[in-house]
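Asks: Got a structure here, written out as structure tokens. Questions coming.
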Amino acid sequence: MNHSERVTVLVGVTGGIAAYKSCELVRALIKRGYRVKVVMTEAATEFVTPLTFRTLTNEPVAVSLWEDDPSAPVHHISLADEADVCVIAPCTANVIAKIAHGRADDLLTTSVLATEAPIVIAPAMNVHMWRDEVTQSNVAALHARGVVFVEPAAGELACGDIGEGRLAPVEEIAAAVTVEAERARDLAGRTVLVTAGGTQEPIDPVRYIGNRSSGKTGFAIAAEAARRGARVTLVTGPTHLADPFEVEVVRIQTALEMHAAVMARVGEADAVVASAAVADFRPAETVSGKIKKDSIPEAITLVRNPDILAELGERDLGGVRIGFAAETSEVERHAREKLEAKRCHMVVANDVSDPALGFGTEANSVLFVTRAGVESSGVLLKRTIAREICDRLSRLLAGGHTA
Ligand code: C5P
């Protein structure tokens, strides 16, 4: 992420006849106040010269991974880091396929793979290539991963065919870049507290009562909020996930520890996102030595854990409060009840009865329930759901909030 005052847009140009329209796009982006850096594929240079873009942007134009000049500031990692938004226009079927499959065999695809910035793709190709099933499945895969597509327009194509495949109008592409640029920093200056994972409630030193939460959604929310400029603290139960970049991570085991960690930090928070699956009950006592096979306890007495989110609601702590609801039936009704009972500003609800979605999986489909209404996310990767949650969090923060 580029921390300079001006938003940096990395424009990728690939080898299609519409490459000449990228010149107009670059001008439109500069007019919108962005710093623009161009990366071209070899094929793109057959249509437009790097000199054209260099003159328009007043920046070096990168084509090759193997730059001759060691002082040239064109390096795939630095380009990837500098970008606040990455837009590829026109994008060929070939480059869409490469990105969808994680290939990185030239400077553009390497930069795209290395960047954490949002990616906008404006495809341009022959109508049959666009409609081909393999192209459409690559587009769908990238869409689920959060890539924004500016759909090609219909009309007469360079090859003489008629149909969709023309590069979308330049202003439409520039507008999509602006949406992403605004989103890229919309949580700057905010402090966000995220809870994640499941808690473990010890029975004895080796056994515990736990649940199936993987922590993926909460980690993805923490990472996304940090990328968008927030100061983020993540309080998490045990998970195998690595600490997200630029996030303060507090690892706890039990609900009581999570409660203490949250209460100690919530004073500074502008928002709390409670995605943790906090155990509702814990064994009344933890047996001090390992319970032997031949002395099975007849029963384990359980006592109630504090409801962290409900307590935040009751005491009106934590600013904007977003809760989660994992349900197996009547998802929306339960979510609405939780919204009121826990005095949240939004509840993210999902149906955990479908084994393909939710716990431990990469994808999910959720309902965003607020007092203003209900929206469905459709099936998305958890990372993309995290982005949708941060979009709504940002709007709730911007709009002021009343529980
Ligand atoms: O009541 P239920 O457990 O279904 O509510 C789920 C929401 O409440 C989640 O946001 C979860 O993180 C939060 N919660 C909590 N403390 C608990 C139980 C749930 O913060 N003890």
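Asks: Can you name the number of the only condition in (1) modelled with pLDDT of 95 or more; (2) closer than 24 Å to residue 216 by Cα that residue 145 fails?
Replies: So the condition that residue 145 fails would be (1).
Asks: Need at least 1 residues that are assigned by TED's automatic domain parsing to the domain that holds residue 376 and within 20 Å of residue 392 (Cβ to Cβ) per element, so show me which strands (runs of 3 or more DSSP E) inside the range 253-364 make the cut, counting only ones lying wholly within it.
Replies: Counting at least 1 such residues, we get 271-274, 320-327, 346-351.
Asks: Check residue 333 against each of (1) more than 14 Å from the ligand (Cβ to nearest atom); (2) exposed (fewer than 15 other Cβ atoms within 10 Å of the Cβ); (3) modelled with pLDDT of 95 or more and name the one condition it does not meet.
Replies: Of the numbered conditions (1) more than 14 Å from the ligand (Cβ to nearest atom); (2) exposed (fewer than 15 other Cβ atoms within 10 Å of the Cβ); (3) modelled with pLDDT of 95 or more, the odd one out for residue 333 is (1).
Asks: Picking from 325, 310, which residue would you name as being near the ligand (Cβ under 8 Å from one of its atoms), small (Gly, Ala, Ser), under 25 Å from residue 261 (Cβ atoms) and buried (at least 23 other Cβ atoms within 10 Å of the Cβ)?
Replies: 325
Asks: Filter the range 373-403 down to the residues that are in contact (Cβ under 8 Å) with a residue 60 or more places away in the chain and among the β-branched types (Val, Ile, Thr) and list them by number.
Replies: 379, 384, 385, 389
Asks: Right, something else. Quick one: in the range 10-38, of everything that is outside any helix (DSSP H, G or I) and basic (Lys, Arg), which residue is most open to solvent (accessible area, probe 1.4 Å)?
Replies: Result: 32.
Asks: Further, regarding this structure: So which of 304, 315, 282 is within 11 Å of the ligand (Cβ to nearest atom), of a type outside the set (A, V, I, L, M, F, W, C) and open to solvent by 70 Å² or more (accessible area, probe 1.4 Å)?
Replies: 304
Asks: Which members of the range 365-384 meet the condition of being part of a helix (DSSP H, G or I) and under 15 Å from residue 118 (Cβ atoms)?
Replies: Those that are part of a helix (DSSP H, G or I) and under 15 Å from residue 118 (Cβ atoms): 383, 384.
Asks: So, of the residues in the range 212-223 that are part of a loop (DSSP other than H, G, I, E, B) and not hydroxyl-bearing (Ser, Thr, Tyr), which turns out to be least open to solvent (accessible area, probe 1.4 Å)?
Replies: 215
Asks: Which of the following residues is hydrophobic (A, V, I, L, M, F, W, C) and within 22 Å of the chain's Cα centre (by Cα): 299, 341, 363, 335?
Replies: After ruling out the rest, the residue left standing is 363.
Asks: Return the only residue of 374, 347 being touching a helix residue (DSSP H, G or I) at 6+ places or on another chain (Cβ under 7 Å) and surrounded by 21 or more Cβ atoms within 10 Å (Cβ to Cβ).
Replies: Step by step, each of 374, 347 is checked, and only 347 is touching a helix residue (DSSP H, G or I) at 6+ places or on another chain (Cβ under 7 Å) and surrounded by 21 or more Cβ atoms within 10 Å (Cβ to Cβ).
Asks: Determine which single condition residue 44 fails, assuming it passes every other condition in (1) farther than 26 Å from residue 387 by Cα; (2) modelled with pLDDT under 95.
Replies: Tallying (1) farther than 26 Å from residue 387 by Cα; (2) modelled with pLDDT under 95, residue 44 fails exactly one: (2).
The values are calculated or read from the model by the stated rules, or taken from the named source; none is laboratory data. For clarity, every value in this text was computed on a predicted model and none was experimentally measured. In this analysis, Cβ positions are derived from the backbone assuming ideal geometry, glycine residues included, and neighbour counts consider all displayed protein chains. Calculation scope for accessible area: heavy atoms of the full protein, side chains included, ligands and nucleic acids excluded. Shrake-Rupley method; radii C 1.70, N 1.55, O 1.52, S 1.80 Å.
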